[in-house]
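Notes follow the structure.
Readers should treat all values here as calculations from the given coordinates under stated rules, not as data from a laboratory. Keep in mind that this is a model prediction, so the values were computed, not measured. For neighbour counting, all protein chains shown are included, and Cβ atoms are generated from backbone atoms with ideal geometry for every residue, glycine included.
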Amino acid sequence: MHLYAAPMACSLAAHIAILEAGLPVTVHYIDNQAKRTDDGRDYWTISPNGYVPALALPDGAVLNEGPSVLQFLADQKPETGLAPAWGTLARYQLIDTLNYLSTEVHKRVFSVLLTAKSPPEAKERARTLLEPTLEAITRRLGGRPFLLGDRFTVADAYLVVLLNWFRHVGTDLRRWPDLAAYHKRQLERPTVAQAVAEEWAEFQRRAA
Ligand SMILES: N[C@@H](CCC(=O)N[C@@H](CS)C(=O)NCC(=O)O)C(=O)O
């Protein structure tokens, strides 16, 4: 399998899931501006929206949305508990959380704030959502160690990435001590630390 990613972007969550599950997946860092793969292919032929993540499967099929990529990876190794079993309430709680993070936090807030060409009024509106979003995530966490309770799931992998982005938009997480402590704990998790170290090195190499 092949994961198409951009360093420190939302695809980092899939990179973390790959390390958690110990899956044989090659991570390719694309040029997300030029829409070119690392071996020079046109990325639009892999991702219809030009987004990362994209997960290319051995039979040629491609998954193009973070929540489906994360669940597919998790389901390769059910014993890891990265996603609860299908048919359980916990599975629907995972889907609920992934959809919340994807639509309400990632797209509605960060995609607007971090896209240079977003209109100023859209950015202003998204900025007003930062603090309520942190309150809402805190309520979802509910003082528990992980988003779904007592076990790390792919929803936590996604949340780590989103929490990383708050400092890029000038929000100091220390004002939300439960979230700041959660974020610190997740960043210390060996798979998260490894994925972040690899992607941060690639991010800095490109910025140099
Ligand atoms: N709906 C997609 C959105 C993914 C997305 O927004 N990816 C960003 C990086 S975090 C991207 O590749 N943006 C490139 C662009 O806007 O051209 C998902 O949930 O996976």
Looking across segment 33-85 at residues that are without any contact (Cβ under 8 Å) to a residue 40 or more places away in the chain and of a type in the set (A, V, I, L, M), the single one that is farthest from the ligand (Cβ to nearest atom) is Ala85
Residue hits (segment 8-32; within 9 Å of the ligand (Cβ to nearest atom) and among the polar types (S, T, N, Q)) are Ser11, Asn32
Note: among Thr103, Thr138, just one is of a type in the set (Val, Ile, Thr), surrounded by 15 or more Cβ atoms within 10 Å (Cβ to Cβ) and closer than 23 Å to Leu70 by Cα, namely Thr138
- prompt: Just a yes or no: is a residue in segment 191-208 buried (at least 17 other Cβ atoms within 10 Å of the Cβ) and farther than 24 Å from Ala5 by Cβ?
  reply: no
Of (1) away from the ligand (no atom under 11 Å from the Cβ); (2) touching a Pro at 6+ places or on another chain (Cβ under 8 Å); (3) more than 16 Å from Ala155 (Cα to Cα), Ala5 satisfies every one except (1)
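I'm checking my understanding of the structure. Among residues of segment 92-108 that are free of Cβ contacts under 8 Å to residues at least 12 places away in the same chain and within 13 Å of the ligand (Cβ to nearest atom), which one is farthest from Asp156 (Cα to Cα)?
Among them, the one singled out is Lys107.
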